[in-house]
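Reading through the structure tokens given below for one structure.
Read-outs: derived from the displayed coordinates by stated rules, not from any lab. Fair warning: this is a prediction, and the values are worked out from it, not measured in the lab.
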């Protein structure tokens, strides 16, 4: 399996890039999120890759991070979600925000061209438990602050929650540390 492509960017389009690796050009389908990280034509790039094998074609998909590739593979495991639909979902936001949206059950955040409400709901139903565990265990960098509630608010904002959501998640939360408040908020988001 091809896991990483490194080389010079020779074509950069909205839906794909071509990377020259030792005289061979590899065409990788990419999300809009990955495309933001791909440098201009002529510059060097390294992309994590996934090779999809079908009866009639071999298709390479490129990702700017392992997290994005892992989320792509999770999405492929959802019934009715194929590679094109998974790329459409990944184009909507950075992987951490999408993971937080799945954990929170935010259907509107997962909607994309070709991804309707029912498909977004199916993604949430099938991936919520897997994603919630990884989001809860994800290391959240905590900045120096005296108020644990402020630190918790900043951490939840970093996971992609909006100000109103953060207020409702932290409403009634008891805890002496930011970690306890964040844990409470994430448990509330799962309900």
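Data for the structure
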read-out	value
Cα-based shape type of segment 46-100, given that a ≥ b ≥ c are square roots of the gyration tensor eigenvalues and the cut on a/c is 1.5	oblate
Segment 148-190, Cα convex hull volume normalised per residue, Å³	56
Whether segment 66-135 is rounded, prolate or oblate, judged on the alpha carbon gyration tensor where a/c under 1.5 counts as rounded	rounded
Beta bridge orientation in the chain: antiparallel %, DSSP, nearest 5	90
Between helix 178-190 and the chain: long-axis angle, C-alpha atoms, 0 to 90°, nearest 10	70
Relative contact order of segment 1-142, pairs being alpha-carbon contacts under 8 Å that are 6 or more residues apart, as %	17
Anisotropy class of segment 1-160 from Cα gyration tensor, a/c 1.5 cut	oblate
Per-residue [θ]222 nm for the chain (sum of -39500 (n - 2.57) over DSSP H runs n ≥ 4, rounded to 500)	-14000 deg cm²/dmol
Computed lengthening from residue 80 to residue 188, 0.36 nm per intervening residue step minus Cα-Cα distance	36.0 nm
Debye equation applied to the C-alpha atoms of segment 4-63, log10 I(q)/I(0) at 0.21, 0.30 Å⁻¹	-0.72, -1.35
Segment residue 3-residue 111, extension gain: residue separation times 0.36 nm, minus the distance between their alpha carbons	36.1 nm
Selected from 106, 171, 20 as most flexible by GNM, with the chain as the system and alpha-carbon contacts under 10 Å	171
